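Student: Input: one structure, supplied below.
Just so it is clear, none of the values below were taken in a lab; they were calculated from the coordinates. Just so it is clear, the structure is predicted and the values come from calculations on it, not from any experiment. Positions of Cβ are generated from backbone atoms using ideal geometry, with glycine treated the same way; all protein chains shown enter the neighbour counts.
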Amino acid sequence: MKGKILVTGGAGYIGSHTTVELQAVGYEVVIVDNLSNSRAEVIDNIEKISGIRPAFEQVDCNDKAALDAVFKKHSGIRGIIHFAASKAVGESVEKPLLYYRNNIVPLVNILELMPIHKVEGFVFSSSCTVYGQPDAKNLPVTETAPILPATSPYGNTKQIDEEIIRDTIHASVPFKSIILRYFNPIGAHPTAEIGELPNGVPQNLVPFLTQTAMGIRKELSVFGNDYSTPDGSCIRDFINVVDLAKAHVVAVERMLNNKSKANLEYFNLGTGRGVSVLELINAFEKSTGVKVPYKIVARREGDIEQIWANPRYANEVLGWTAVETIEDTLKSAWDWQLKLRERKIM
Ligand SMILES: NC(=O)c1ccc[n+]([C@@H]2O[C@H](COP(=O)([O-])OP(=O)(O)OC[C@H]3O[C@@H](n4cnc5c(N)ncnc54)[C@H](O)[C@@H]3O)[C@@H](O)[C@H]2O)c1
């Protein structure tokens, strides 16, 4: 065993895939999740893939005393990956305070507890939303692109979180941090044992798309076809969730093995390819042979027109590259949706 890693939000979409990858290289994982956007069965499904049951504590990261008790119970935690947060751009416009509380208080709690429990490294789930809508000259986006005013409270919480981490590291705390700015994670584990399953109506494109293809939702709404993009729909950098999960393992190893001189680093995690929403729907239909009824509706408040990553820094410095194709990734999302039907969950 290489040591214990605390994964907050580990029952969620990216956290569950990351847990599997951490276990695969010999880390012992302790998951903290309040199940506000996930289900307890995810822990069973992680075990089905890896053969190892991660420790699971149903705790709200807003509760500092309860988090402290987790550190005491699972002594020797070496690193933390902090996924737990609320993540829906549209919802954050309607309920900003929910986002300011849930995306900031847990971060402060964890950063305060880390030195007390001698945790060596902290990986933070940030987002390309911190770049706002980059100027055309800054596309694809590198890590040095300007941080522009956020277009939603969600995006603003990620900017504030990054500033909190920057100031904390600047104050010479005894740990390192890596901030990972994800582009748009999609797809599911190739075993179809875990995938994206938000509680309620999905706010993300692909789960809504697969649920529509399955007939659970009547039609998929494409928010706007009058953007300044070749087909008028928004452009994103869709990255396979297993590829993304693997980057977290590399980041953890980099900090724990002292491979970087800097105490704080930032990496964009994307494929380097911009794909429009309409292109994504087409690619799904091609790779699965299943039609997706969709309609064009008005633009959604808070959405960025187009953004995709320049992942060269992560490729060169982390030695990590996204390798899965969009077709295989969409097929994995569909296999996951089929599995949900088999399990009578959806
Ligand atoms: N999925 C994306 O498109 C995307 C893109 C960029 C960044 N991110 C960030 O990555 C992280 C993980 O995203 P995800 O897609 O896996 O989301 P998710 O909702 O599937 O997972 C988050 C998990 O955290 C848990 N959680 C939320 N608040 C909590 C709290 N206060 N205490 C304990 N557990 C709590 C939820 O129950 C859920 O299991 C988030 O920080 C998100 O902002 C996601």
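Student: Between a residue in the stretch 174-193 that is within 13 Å of Ile14 (Cα to Cα) and near the ligand (Cβ under 8 Å from one of its atoms) and any residue that is charged (D, E, K, R) and assigned to a strand (DSSP E or B), which pairs come within a Cβ distance under 7 Å, given they are 6 or more apart or on different chains?
Tutor: Every condition considered, the pairs that remain are Phe183/Arg236; Asn184/Arg236.
Student: When the stretch 125-148 is examined, which residues are found to be within 18 Å of Ile104 (Cα to Cα) and of a type outside the set (A, V, I, L, M, F, W, C)? Show your work before the answer.
Tutor: Step one: list which residues in the stretch 125-148 are within 18 Å of Ile104 (Cα to Cα), which gives 125-130.
The answer is Ser125, Ser126, Ser127, Thr129.
Student: Take Glu41 and decide whether it is more than 22 Å from Pro106 (Cβ to Cβ), surrounded by fewer than 23 Cβ atoms within 10 Å (Cβ to Cβ) and within 13 Å of the ligand (Cβ to nearest atom). Reasoning before the result, please.
Tutor: Values: more than 22 Å from Pro106 (Cβ to Cβ): yes; surrounded by fewer than 23 Cβ atoms within 10 Å (Cβ to Cβ): yes; within 13 Å of the ligand (Cβ to nearest atom): yes.
Criteria met by Glu41.
Student: Just checking, which of Ile345, Ile281, Ile296 is β-branched (Val, Ile, Thr), touching a Gly at 6+ places or on another chain (Cβ under 9 Å) and in contact (Cβ under 8 Å) with a residue 60 or more places away in the chain? Outline the logic, then answer.
Tutor: Numbers: Ile345 fails: touching a Gly at 6+ places or on another chain (Cβ under 9 Å); Ile281 fails: touching a Gly at 6+ places or on another chain (Cβ under 9 Å).
The unique qualifying residue is Ile296.
Student: Does Pro106 fit the bill of being away from the ligand (no atom under 15 Å from the Cβ) and either polar (S, T, N, Q) or in a helix (DSSP H, G or I) (or both)? Spell out how you get there, then give the answer.
Tutor: Numbers: away from the ligand (no atom under 15 Å from the Cβ): no; either polar (S, T, N, Q) or in a helix (DSSP H, G or I) (or both): yes.
For Pro106, the condition - away from the ligand (no atom under 15 Å from the Cβ) and either polar (S, T, N, Q) or in a helix (DSSP H, G or I) (or both) - is not met.
Student: One residue is enough: does the stretch 78-94 have a residue meeting the conditions surrounded by fewer than 20 Cβ atoms within 10 Å (Cβ to Cβ), more than 9 Å from the ligand (Cβ to nearest atom) and within 19 Å of the chain's Cα centre (by Cα)?
Tutor: Taking every residue of the stretch 78-94 in turn, at least one turns out to be surrounded by fewer than 20 Cβ atoms within 10 Å (Cβ to Cβ), more than 9 Å from the ligand (Cβ to nearest atom) and within 19 Å of the chain's Cα centre (by Cα).
Student: Further question: So, in the stretch 3-53, how many residues would count as being free of Cβ contacts under 8 Å to residues at least 40 places away in the same chain and either over 20 Å from the mean Cα position of the chain (by Cα) or part of a strand (DSSP E or B) (or both)?
Tutor: So the answer is 10.
Student: Moving to a separate point now. Taking the residues in the stretch 283-341 that are among the acidic types (Asp, Glu) and closer than 30 Å to Val250 by Cα as candidates, determine which candidate is surrounded by the fewest Cβ atoms within 10 Å (Cβ to Cβ). It would help to see each step written out before you state the result.
Tutor: Residues of the stretch 283-341 that are among the acidic types (Asp, Glu), as a first pass: 285, 301, 303, 305, 316, 324, 327-328, 335.
Going one step further and asking which of them are closer than 30 Å to Val250 by Cα, we end up with 316, 324, 327-328, 335.
Values: Glu316: 10, Glu324: 18, Glu327: 13, Asp328: 13, Asp335: 19.
Here the residue is Glu316.
Student: Conditions first: (1) surrounded by 16 or more Cβ atoms within 10 Å (Cβ to Cβ); (2) away from the ligand (no atom under 13 Å from the Cβ); (3) not polar (S, T, N, Q). Asp60 passes all but one, so which condition is the exception?
Tutor: (2) is the only condition that Asp60 fails.
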